[in-house]
Amino acid sequence: MRSWEEKINGETEEKKMNRQADFTDGSSSFDDGFDKLYEKIKTMYRDDELETVKHAYDVAKEHHKNQLRQSGEPYIIHPIAVASILADLGMDSQSVAAALLHDTVEDCSDKTDIDKIRKLFGDSVAELVDGLTKLVRIPFEDKEDEHMENLRKMFFAMAKDIRVIFIKLADRLHNMRTLDAQEESKRRRIALETMHVYAPLAHRLGMQKIKQELENLALSYLDPIGYDEVRDDIDKKYGRNRGFIENTKKSITEYLKKNGLDVTIEGRVKSVYSIYRKMYQQNKNFDEIYDFYAVRIIVNTVSECYSALGYIHEMYNSIPGRFKDYISTPKANMYSSLHTTVIGRDGIPFEVQIRTWEMHHIAEYGIAAHWKYKSGDRTKEDIDKKLEWIAKLVEDESTTADHDDFLEAIKIDIFQDETFVFTPKGDVVNLPQNSTCIDFAYHIHSAVGNRMIGAKVNGMIVPIDRELKNGEIVEILTSSSAKGPSRDWLNIVKTSEAKAKIRQWFKKEKRDENIAEGRNAFVSELKHYGRTYTDEQFERISENIALRCGMNNALELFNMLGYGGLSISKISARIRDEFDRVVAPPAEEPITDASQVQTVQKPYSRGSYNGVAVDGLEGCQVKFAKCCNPLPGDNIIGFITKGYGISVHKCDCKNALASMKDNPDRFVRVEWRKASGGGDAAGGQYEAVMRIFAENRISMLADITSALAEMRVSILQINTQTKSDGQCIISIGVACKNLDHYLSIVSRIKNINGVYSIERGYTS
């Protein structure tokens, strides 16, 4: 018995298996695979174009000879399959040739390179292959750097030629179809990347068929239990209402044709992932999915779309609030259609989509429809306009070296829902959801944003950070005397375009101010490390960090930190490494003459240092080492310094242990002085540092300081550091009496919601 998928989509499981295993039936099977590809394209291309594709196949076959996929199959089956997907999309011969060659440079670098591909196939094919080739020859400090730079390269190649992403999507689709051959950890990583990057990209480009298959395949690996549960629910519902779609299609066809409309009717069941997302992300029950069934009506003209809509509402009762007109206001991915949800005669709700044939082609193939259906000049202009977001995304790449910022820009510009607003002249402006008036201003022009002093929405003056809603009319108020954007705007705007233009203004107009601010941020970061450094050491550290970040000098680094192109938190680990390499822990010289011991004052103390006795003698001047911050109750040891008395360390201090191996004579026995009634010396207050690893939420710091206030604990210093994984590190110096007091403070802070762990730190 055929499943609901087979009945709706017209593809049997056997057919699907054959499609995925075209090349597994013998040593010459990949030649058979190319023959099938050739049958698809022989009526699409000119003779010279067919010869180019044949030549590309011969070159790829020779280069991948003796290479196997993870499944054990000949590697050449992969580029053939990718090329076949592109042929189904109706792509040109250059795209198909590049698909056949797309792994030759990356995986066969000993046999070929881009220059050789260019010589054999021309500039266009070579540029496509280069855009798909990973940066395999460039060393990276970590995998994250490598991954992000490869993403950057792909987007830059997209900006030059959109066909790069078509080939990449086809490549990813075939890899997902054959993902079972990979080990489990790799399957999950690839599935996550597919769900978070490639499926949204396909959606942004309007390629719904590829998008849905990528989503379903990725979900089957990311949550196989949830996937199977939804599939089972679909099977049950489809079984209960067997024949519903066919009967509905028949009824609608008869009624519309009776009223003079020439229509084609299609039916579908909502995809597994779409239902899964609504159930698990919107917390809906399966029975609350009103568009589980859908009927698609295809007509010849736009006016017939609205006529068909009227007839549908004559036939069925519509559900209020479920009508959407994407013809008058198309989506950014060029999708156009009328949507309405009605109640069928059996009481079953279903969605009706009404569109023309041209709209249907674009809905199925997205921007790729330009190649498949050879759209006219006007359509091409519309497509080019719709692709402007790619150029905007990458045109200001020099303004940020921050991987997280780049990925955030991708997520915002590609993955989010959209808001449609109007200029005072009636032009439609598409912006990501939750965009503000400032985003709107910079979308119009950078000069408008830089001179912005206010905004009107629907004729009313509003704050410039107000979020915009669908259908609003937005007017930007400007002044030639405006001083330019505020740095705070970087934290308000949502679009990468606005952020890039604001950063560009600060980069150009406020260089000296940027350098000063960036330098201050760098100095503040160094203060966390609790050691002094010379001007020469500071110069070495900053220059080396600049080089590690791909910049020419420290001034360039400070400038980028100042205007927000790079955040200090993203390079803090590199700074710490460089600091530890350049600034070694201070070497403390031993003394042999007690007369050389001088009195020094501790930066903070409400008692004296008489809390420590040196080798059984009281009254000797001591200081507490900042590298370990000993407290009464800790096991301690003393180190004789030159000019600074006795430096007291915890016995397990790494610095003390390292020095003791080479210079045991520098150390003396010390102990905490006891008060007359027992316990620690009276009146002593000591600074201790807690490094708190916690959830990065708005009220976290307030909760911690409130808890300390309740315990009547004095806060001596505080520093925070935000991490990219949604965590933060809060270093707090507190005044405490002894180790037990410190541990009681730690115990109280650990009970705060969102605090993961606490470590002993050091004073800055």
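Rule-based calculations on the coordinates, nothing more; no lab input. Quick caveat, the model's predicted, so the values are computed rather than measured. Neighbour counts are summed over all protein chains in view; Cβ atoms, including those assigned to glycine, are modelled from backbone coordinates with ideal geometry.
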So the FRET efficiency between ARG691 and SER185, C-beta based with R0 = 35 Å and rounded to 0.05, is 0.65
Rounded to whole Hz, the Karplus (6.51, -1.76, 1.60) HN-Hα couplings of region 320-330, x for glycine and proline: x, x, 10, 9, 9, 10, 8, 8, 5, 10, x
Pop a pseudo-label 7 angstrom from the Cα along the beta-carbon direction at both HIS55 and ALA482 and give the gap in nm to one decimal. 5.4 nm
If a paramagnetic tag sat 7 Å from the Cα of ASP577 along the Cα-Cβ line, which residues of region 528-546 would have the backbone N under 15 Å from that point? 541-542, 544-546
Between LYS40 and ASP232, what FRET efficiency comes out of the Förster formula 1/(1 + (r/R0)^6) with R0 = 41 Å and r the beta carbon distance, rounded to 0.05? 0.70
Search the structure for amide H atoms under 5 Å from the amide H of GLN67, placed 1.01 Å from N in the peptide plane, and list their residues when 5 or more places away or on another chain. TYR75
For the pair LYS456 and ILE114, the simple spin-label estimate (label points 7 Å beyond Cα toward Cβ) gives in nm 5.1 nm
When each of LYS211/LYS249; LYS186/LYS527; LYS250/LYS284; LYS284/LYS469 is checked by Cα-Cα distance, pairs over 29 Å: LYS186/LYS527; LYS250/LYS284
How far is the Cα center of region 475-504 from the Cα center of region 212-273, in Å? 46 Å
Interchain or long-range residues, amide H under 5 Å from LYS284's placed H: MET279
Residue span GLU509 to LYS469: 0.36 nm per residue of separation minus Cα-Cα distance leaves a gain in nm of 11.1 nm
Can you list the equivalent-ellipsoid semi-axes of region 473-586, largest first and in whole Å, using the square root of 5 times each Cα gyration tensor eigenvalue? 33, 13, 12
Given a cut-off of 31 Å, name the pairs among LYS258/LYS278; LYS237/LYS324; LYS42/LYS209; LYS494/LYS750; LYS331/LYS425 whose C-alpha atoms lie farther apart than that in the structure shown. LYS258/LYS278; LYS494/LYS750
